[in-house]
Amino acid sequence: MAETVQQLLRERLDSDGIALKYEGSTWTWREHLGEAAMQAAALIGAADPERPLHVGVLLGNTPDMLTAMAAAGLGGYVLCGINNTRRGDALARDIRRADCQFLITDDAHRHLLDGLDLSDVRVLVVGTPEWMELTGRAGTLTPHREVTATDTYMLIFTSGTSGDPKAVKMMHAMVLLAGAALMGRYELTSDDVCYLSMPLFHSNAVLAGWSVAVNSGAAMAPAQFSASRFVDDIRRYGATYMNYVGKPLAYILAGPERPDDADNPLRVAFGNEASDRDIAEFARRFGCQVWDGFGSTENAVTVTREDGCPPGSIGKGFPGVAIYDAETLTECAVAEFDEHGALANADDAIGELVNTQGAGMFAGYYNDQGATDERMRHGMFWSGDLAYRDADGWIYLAGRTADWMRVDGENMTSAPIERILIRLPAISMAAVYPVPDEFVGDQVMAALVLQDEATLTPDEFARFLAAQPDLSPKAWPRHVWIADALPSTATNKVLKRELVAMGVEPAGRTLWRRDGGTYRTVSAQE
C-alpha cells in the first residue's frame, strides 16, 4: 500500500484510464505521468545540488499545473505553490521565502514577475524554446530522493486573512491520507470526474481535489472558477465530484435559478465555510450531496459534520480538539443559550480552537520558526479561530481572534451575527467587523452583498433585524455597506482588515447608519 504521493503515482504510470480533461482534450494517466516524469528528470538534471530542490509554480488551474504537481511527486522534490493573485514585493517575498531554485510560469502570468528581484531563481516559461530544450533533452527519471511519509511534498501558503501568508510544510502522508479518506467516504472510483476549480496552489484543492483524483484514479477537470459557467462546465466535463473553499456556493446561488439546474452529473460537493442556507439550497438546486467541514491549511484542527448537526454548527471535533481560553490556558465553559437561542455566556464560552494533543499533521512553517512557535504554545496547536461548543459537543465558529468586539460594555464576535444576517433572502453574503466607537470600544459594521436582482431598503433591513429574537440589540450593525463585492483572498475568504481600513465614510459607497431602531442613507457631506 502506498505511503507517499511518489509511490501512489507510480501505481498509475501504466494506466490507460483518463487522467485529465481540458477544453476538448484528454490525457490518459500513462500520458500525463509520462510528461510529468520527463519534466521531473529535466529539473533534477538542471538543479544545483548544493541548494534545496524547491520548484515554484506560478500557474493557473491548467494541465501545466497538474503536470508540475505530478512531477514533484514522482521526482521526490518539493513543489512550492505560489499565489497568483499576489503582486509586486509581496509576490517576490513568497518566492524567496520558499527558497525556490526554479519558478515555472506561463505566458498568462510571466508579466507578474516584471521588475521583481528574484536573485538566483531560474524562471522557466512553459512553451518557450528554453523550456522545450530543457525538457526535450531529459533522460530517464532518477528521483531526487525516495521520499518518506513525513517528507514535505509541497509548501502551501496560508490565505493571509490575518497577516502575511506563511508557507506550511505539507507532508506526503497528509496529502495521501486526505484524498484516501474522501475517496472512501464518497465511494469515488476511476469512473468519476473531479472538477478542480479552486486554486491548485492552496490546500483545499490539493487535499480535497487533486489527491482525491490521484487516490481513486478519477479524471481531473481543471478550471478557473466562474459562477456563471459552473453548470455548463459540470455538464461539459461530466463532473461527478467537486471541492470548494470559502464562498463559491454563495456566488453560484446568487445567480438566477434555471429549471434544468438539477440536470447535471454532479453527485458530491465537498468543502468548507459554506453557510447552512447555501448548503441546503445548493443541494436542492443542483441535485447533489453537499458536505461541509472545517480545517485550516495547517491541518492541525479538524471538525466534521455528522448526522444531527444543529443549524449554525460546523460539527464535532476530532480527538484533541477543544476550545481554550488563551489567557487562563483552561477549557472554556459549555455554551448556554437563552429562550431565543442566543448565546448567553459569550465571555465564558467563546475561546480559541486548539488541538490539545499537539500539532496533528502540522509539520511547521517553512523558514519561519517564530510563527511556528506562536502556533505551538504550551504543547497545543492554537488555530486563531474563535468558537464555542454546546453541551452535546457541537462546535460553532465565532470568527477569528481579531473579530472580538466590545460594544457598550458587552463582548461579542462576528460569526454569530453573520449567520443571522444571511437569513434574509435578499442577502447573498455578509461580513461583520468592528470599527472604532467615537467614545470607547467598538461599533458593529456589516458589509452586505445582495443576491442578483435583489433589492433591500433601510426600513426592510431594520424590520428584519427586529424580527430576530436571538439577535441582541447591541449586535445591530451601526454602519452598513451595500457592496457589489467584498475584498477577498484567492480562496474566497473575506479580507476584513481591508474592510476595517475603509472606515465608515461613504467615499462613493452606499452606506446606511443606524439611529435608534431605524437606518438612513449617509450622504458624503456628513
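Observations, loosely collected:
- Scanning the range 196-222 for residues that are outside any helix (DSSP H, G or I) and more than 16 Å from the chain's Cα centre (by Cα) gives G217, A218, A219, M220, A221, P222.
- Inter-residue pairs, beta-carbon under 6 Å, first outside the structural domain of G34 (by TED's automatic domain parsing) and in the range 124-153, second in a loop (DSSP other than H, G, I, E, B) and of a type in the set (A, V, I, L, M, F, W, C), 6+ apart: none
- Taken over the range 326-338, residues that are touching a residue at least 60 places away in the same chain (Cβ under 8 Å) and surrounded by fewer than 12 Cβ atoms within 10 Å (Cβ to Cβ) amount to 0.
A quick yes/no check of all residues on (1) crowded, with 22+ Cβ neighbours inside 10 Å; (2) farther than 17 Å from R137 by Cβ; (3) hydrophobic (A, V, I, L, M, F, W, C); (4) touching a His at 6+ places or on another chain (Cβ under 8 Å):
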{"residue": "E23", "(1), (2), (3), (4)": "no, yes, no, no"}
{"residue": "W27", "(1), (2), (3), (4)": "no, yes, yes, no"}
{"residue": "R51", "(1), (2), (3), (4)": "no, yes, no, no"}
{"residue": "V57", "(1), (2), (3), (4)": "yes, yes, yes, no"}
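- So G184, is it at pLDDT below 95, out of contact with any helix residue (DSSP H, G or I) (no Cβ under 8 Å at 6 or more places or on another chain) and surrounded by fewer than 22 Cβ atoms within 10 Å (Cβ to Cβ): no
- Matching entry among D94, D117, D99, D107 (being in contact with a Pro (Cβ under 8 Å, 6 or more places away or on another chain), more than 22 Å from S296 (Cα to Cα), among the charged types (D, E, K, R) and in contact (Cβ under 8 Å) with a residue 12 or more places away in the chain): D99
Rundown of residues vs (1) surrounded by fewer than 19 Cβ atoms within 10 Å (Cβ to Cβ); (2) farther than 28 Å from F225 by Cα, yes/no style:
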{"site": "V440", "(1), (2)": "yes, yes"}
{"site": "V449", "(1), (2)": "no, no"}
{"site": "H479", "(1), (2)": "no, yes"}
{"site": "R497", "(1), (2)": "yes, no"}
{"site": "A507", "(1), (2)": "yes, yes"}
{"site": "R514", "(1), (2)": "no, yes"}
{"site": "T521", "(1), (2)": "yes, yes"}
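- Filter pass, M380 being free of Cβ contacts under 8 Å to residues at least 24 places away in the same chain and not acidic (D, E): no
- Filter result for L124 (in contact with a helix residue (DSSP H, G or I) (Cβ under 7 Å, 6 or more places away or on another chain), closer than 23 Å to Y153 by Cα and of a type outside the set (G, A, S)): yes
- Any hit, the range 274-288, residues being assigned to a loop (DSSP other than H, G, I, E, B) and touching a residue at least 60 places away in the same chain (Cβ under 8 Å): yes
- Verdict on V193 being of a type in the set (V, I, T), modelled with pLDDT under 95 and in the same structural domain as A178 (by TED's automatic domain parsing): no
- Residue check, A71 of a type in the set (G, A, S), assigned by TED's automatic domain parsing to the domain that holds E35 and in contact with a Phe, Trp or Tyr (Cβ under 8 Å, 6 or more places away or on another chain): no
- Filtered residues of the range 470-508 (kept if under 27 Å from E453 (Cβ atoms) and either more than 25 Å from the chain's Cα centre (by Cα) or assigned by TED's automatic domain parsing to the domain that holds V206 (or both)): L471, W476, P477, H479, V480, P506, A507, G508
- Residue in the range 408-416 that is out of contact with any Phe, Trp or Tyr (no Cβ under 6 Å at 6 or more places or on another chain) and hydrophobic (A, V, I, L, M, F, W, C) present: yes
- Condition met for S228 (surrounded by 22 or more Cβ atoms within 10 Å (Cβ to Cβ) and without any contact (Cβ under 8 Å) to a residue 40 or more places away in the chain): no
- Within the range 396-406, the set of residues being over 23 Å from the mean Cα position of the chain (by Cα) and either crowded, with 19+ Cβ neighbours inside 10 Å or in a helix (DSSP H, G or I) (or both) comprises M405 only.
- Counted residues, the range 110-134 - those being part of a helix (DSSP H, G or I) and either of a type in the set (D, E) or under 18 Å from A40 (Cβ atoms) (or both): 5
- Of the residues screened, G393 is not one that is within 27 Å of V334 (Cβ to Cβ), of a type in the set (G, A, S), surrounded by fewer than 18 Cβ atoms within 10 Å (Cβ to Cβ) and not assigned by TED's automatic domain parsing to the domain that holds Y365.
- Answer residue from the range 300-325, given it is acidic (D, E) and out of contact with any Cys (no Cβ under 9 Å at 6 or more places or on another chain) and is surrounded by the fewest Cβ atoms within 10 Å (Cβ to Cβ) among those: D307
- Within the range 451-461, being surrounded by fewer than 18 Cβ atoms within 10 Å (Cβ to Cβ) and either touching a Gly at 6+ places or on another chain (Cβ under 7 Å) or of a type in the set (A, V, I, L, M) (or both) holds for D452, A454.
- Checklist (1) in contact with a helix residue (DSSP H, G or I) (Cβ under 6 Å, 6 or more places away or on another chain); (2) touching a residue at least 24 places away in the same chain (Cβ under 8 Å); (3) not acidic (D, E) applied to T489, failing item: (1)
- Yes/no for D292 being among the charged types (D, E, K, R), touching an Asp or Glu at 6+ places or on another chain (Cβ under 8 Å), outside any loop (DSSP other than H, G, I, E, B) and at pLDDT below 95: yes
- Enumeration of residues in the range 371-393 that are within 21 Å of R305 (Cβ to Cβ) and more than 22 Å from the chain's Cα centre (by Cα): R389, D390, A391, D392, G393
The values are calculated or read from the model by the stated rules, or taken from the named source; none is laboratory data. Note that the structure is a prediction, hence the values are computed from the model and not measured. Cβ atoms come from the backbone with ideal geometry, glycine included; neighbour counts cover every protein chain shown.
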